[in-house]
């Protein structure tokens with residue numbers, strides 16, 4: 001009796017999600033997520049939803065940081 005082969009989860013998508021959650025490494029998380037999506041398409045592994053979540057979280061964090069920097073410099077540029 002042979003068991004059906006299991007599709008494994010792409011490990012890079014898990015790494016991408018962790019890096020995106022850490023915040024300071026979200027740029028690396030976004031890069032890893034794009035690479036893992038390509039690997040998942042080619043190898044038919046599981047983990048597409050993890051890579052997508054890593055992209056959303058990573059891009060959200062990057063957007064939030066850029067927005068905070070723009071607001072900070074706008075306020076600091078007003079002077080006294």
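The values are calculated or read from the model by the stated rules, or taken from the named source; none is laboratory data. Note that the structure is predicted; figures quoted are calculated from it, not measured. All Cβ positions, glycine included, derive from the backbone under ideal geometry; neighbour counts span all protein chains shown.
Do we find that residue 74 is out of contact with any strand residue (DSSP E or B) (no Cβ under 7 Å at 6 or more places or on another chain), touching a residue at least 40 places away in the same chain (Cβ under 8 Å) and in a helix (DSSP H, G or I) in this structure?
Numbers: out of contact with any strand residue (DSSP E or B) (no Cβ under 7 Å at 6 or more places or on another chain): yes; touching a residue at least 40 places away in the same chain (Cβ under 8 Å): no; in a helix (DSSP H, G or I): yes.
The answer is no for residue 74.
So, residue 40, is that one in contact with a helix residue (DSSP H, G or I) (Cβ under 6 Å, 6 or more places away or on another chain) and modelled with pLDDT under 95 or not? Quick ask: steps written out before the conclusion?
On the way: in contact with a helix residue (DSSP H, G or I) (Cβ under 6 Å, 6 or more places away or on another chain): yes; modelled with pLDDT under 95: yes.
Considered against the rule, which asks whether it is in contact with a helix residue (DSSP H, G or I) (Cβ under 6 Å, 6 or more places away or on another chain) and modelled with pLDDT under 95, residue 40 comes out as yes.
When you scan region 56-69, do you find a residue that is under 15 Å from the mean Cα position of the chain (by Cα), surrounded by 10 or more Cβ atoms within 10 Å (Cβ to Cβ) and within 15 Å of residue 14 (Cβ to Cβ), even just one? Taking every residue of region 56-69 in turn, at least one turns out to be under 15 Å from the mean Cα position of the chain (by Cα), surrounded by 10 or more Cβ atoms within 10 Å (Cβ to Cβ) and within 15 Å of residue 14 (Cβ to Cβ). In the set 23, 47, only one residue is surrounded by fewer than 16 Cβ atoms within 10 Å (Cβ to Cβ), touching a helix residue (DSSP H, G or I) at 6+ places or on another chain (Cβ under 6 Å) and in contact (Cβ under 8 Å) with a residue 12 or more places away in the chain; that residue is 23. Based on this model, can you work out whether residue 31 counts as surrounded by fewer than 21 Cβ atoms within 10 Å (Cβ to Cβ), part of a helix (DSSP H, G or I) and modelled with pLDDT of 95 or more? Taking the combined requirement at face value, the residue satisfies it.
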